[in-house]
Structures are given as structure tokens and as C-alpha cells.
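First the structure, in the form of C-alpha cells, and then the observations on it.
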Amino acid sequence: MKQLVAFLLWMIAAAPVTAQVQGVKLDEPVELPAFAFENGIGETFNPDTLQDQWTIVMFGFLSCPDVCPFTMGNLEATIAEMGLRVRPDNVPKVVFLSVDPDRDAELISTYAKFFHPDFQSFTGARTDIDALIEATDSFYRLMAPDEDGYYEVQHSSSVSVIAPDGTLRAKLQPPFDPGLTAEFLSQLQIQYRREAS
């Protein structure tokens, strides 16, 4: 028994540390195009709503079985960590944007709030979705429907970090460690303030 316990302790000590932040700060800020999204409860998402706050945007679709719920859960943990490091007005707003409006428009307003009451989710016109996808260097594709009309959606899993001036400043790739990612975002905010002053 002692040998088993010793072996398990050795395995834990020898295991590689997997906690990480997969964040990349862009060399230059990226201007975003005009866009307008809404949901069924009167909330809107457009360039004006980006002003004067940090925003994290994730693209996905409501029936996504794995990437979307995992990443939204990861973001909820990261936002909780951010609340311990920065003032409440510097905690980023989280926005989920569906790239599948035909199936998701009716239920979009409730999706993000399942993960956190302050998270918001939207969808809208294909032209606005495509413009924001391109500007954030993201990706999605609606696959060909089967004989019943069901189709899969492929999409990038990275999330975009937008500064209070409405420009894209960084990208995060899940899975990311909440504490280290919160530190990455905090340092990004500090650097932004220094550049602005």
C-alpha cells in the first residue's frame, strides 16, 4: 500500500503543469466594421456598445455540443478571476454571437445568461456576421444539410478581446487557465492605459 501511495505521489509530482494562457496580443489594433445585432429581450450589440469598456466576443451556435459550452464556461471562470484583480468597471463584458441565425434567433437571448447573468448573446444579418468574422480573423462554415435538413456548423474556437476604443487588441484560444488568462487581460488593460496617456 505504501508503495502505491508513493507511486501516486510521484506521478502527481512528475505530471507536467498544464495551466496556461493561450493569449496573443496583436501587434497593431484592428478597426472593426459597422455591425448591428440584437436579441429578443431588447439588448443590442454594435460599435457604440463597445465604447468605454473591455469586451470579449465569441462566435458559435446554440446547438454546438462541445466547443461553445466549454469555452463559455472557461470565460465564466476567467471573468470571476478578473473580478478579483480589477475594478468592476474594468471587468470585460462577454458577448456570444451566433453564426447560425436561421436556427438560433428565437432562443439567442437566453444562451449566454445560462453561463453568467451578465453575459449577452446575439445574432443578426449574415452580412454583419460575415463582416465581424472577417475583421476578427475568425472562421465559420455551414455544412451541407442532410436529407432531413439538419446541418453542422464548423467555427473557430478563439475569442476576440476588444478595447474600450472599439479596436481588436488580442485573441484567446481555449482551453485557457482562468487565473493566468485574467492576469494576461489585466496586463493588456495596463498597457492600453499607458499607451492612451
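The values are calculated or read from the model by the stated rules, or taken from the named source; none is laboratory data. Here the structure is a predicted model, which means the values were calculated and not measured. No Cβ is skipped: glycine too gets one built from the backbone with ideal geometry, and neighbour counts run over all protein chains shown. These area figures cover heavy atoms from the full protein model, side chains too; ligands, DNA and RNA do not enter into them. Shrake-Rupley method; radii C 1.70, N 1.55, O 1.52, S 1.80 Å.
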Hits in region 138-197 - residues which are among the small types (Gly, Ala, Ser) and out of contact with any Leu (no Cβ under 7 Å at 6 or more places or on another chain): Ser138, Ala144, Gly149, Ser156, Ser157, Ala163, Gly179, Ala182, Ser186, Ala196, Ser197
Checking the conditions here, which among Pro65, Pro69, Pro33 is part of a loop (DSSP other than H, G, I, E, B) and either more than 21 Å from Leu168 (Cβ to Cβ) or small (Gly, Ala, Ser) (or both)? Pro65
State whether one or more residues within region 47-61 are among the β-branched types (Val, Ile, Thr), part of a loop (DSSP other than H, G, I, E, B) and either surrounded by 14 or more Cβ atoms within 10 Å (Cβ to Cβ) or over 16 Å from the mean Cα position of the chain (by Cα) (or both). no
Evaluate the following for Met143: is it hydrophobic (A, V, I, L, M, F, W, C) and in contact with a strand residue (DSSP E or B) (Cβ under 9 Å, 6 or more places away or on another chain)? yes
Can you tell me which of (1) surrounded by fewer than 17 Cβ atoms within 10 Å (Cβ to Cβ); (2) in contact with a His (Cβ under 7 Å, 6 or more places away or on another chain) is the one Glu152 doesn't meet? (2)
Hey, does region 107-128 have a residue that's in a loop (DSSP other than H, G, I, E, B), open to solvent by 40 Å² or more (accessible area, probe 1.4 Å), in contact (Cβ under 8 Å) with a residue 24 or more places away in the chain and touching a Ser or Thr at 6+ places or on another chain (Cβ under 8 Å)? no
Condition met for Asp66 (surrounded by 19 or more Cβ atoms within 10 Å (Cβ to Cβ) and more than 28 Å from Glu195 (Cα to Cα)): no
Can you pull out every residue in region 160-197 that is among the aromatic types (Phe, Trp, Tyr) and open to solvent by less than 40 Å² (accessible area, probe 1.4 Å)? Phe176
